[in-house]
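Peer 1: Structure incoming, see below.
The values are calculated or read from the model by the stated rules, or taken from the named source; none is laboratory data. Given the structure is predicted, the values throughout are model-derived calculations rather than measurements. Reconstructed Cβ throughout: ideal geometry from the backbone, glycine too, with neighbour counts over all protein chains shown. For the accessible areas, the whole protein counts, side chains as well, though only heavy atoms, and no ligand, DNA or RNA atoms are used. Shrake-Rupley method; radii C 1.70, N 1.55, O 1.52, S 1.80 Å.
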Amino acid sequence: MGIGTGIVLFVIGAILEFALNVQVSWIDLHLVGYILMIAGAVVFLLSLILLLVRRGRRTVPPTTDEDLL
């Protein structure tokens, strides 16, 4: 879920930065676009790191001959 959220934030930020030519007096859409792209990249990278850490710590319980029967 975090990976998808990061991608969505990055895409929305890129759209605000590169695709829109709208001027709003009370907010700078280009700055908001950059902020969203940075936030999306951070969320994406953190999600990947957490995913790799969780996958690396799996333990397999020991099996005995009784478990196989």
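Peer 1: How many nm is it between the label spots at Val53 and Val8, if each spot is 7 Å from the Cα in line with the beta carbon?
Peer 2: Distance between label points: 2.4 nm.
Peer 1: Considering only Gly40, Gln23, Gly4, whose Cα is most displaced toward the positive end of the charge dipole of the chain, charges sitting on Cβ of Lys, Arg (+1) and Asp, Glu (-1)?
Peer 2: Gln23
Peer 1: In angstroms, what radius of gyration and Dmax does the chain have, counting Cα atoms only?
Peer 2: Using the Cα atoms of the chain, the pair Rg, Dmax is 21.3, 74 Å.
Peer 1: How much accessible area per residue does the chain have, counting only protein heavy atoms and a probe of 1.4 Å, in square angstrom?
Peer 2: In whole numbers, the chain has 85 Å² accessible per residue.
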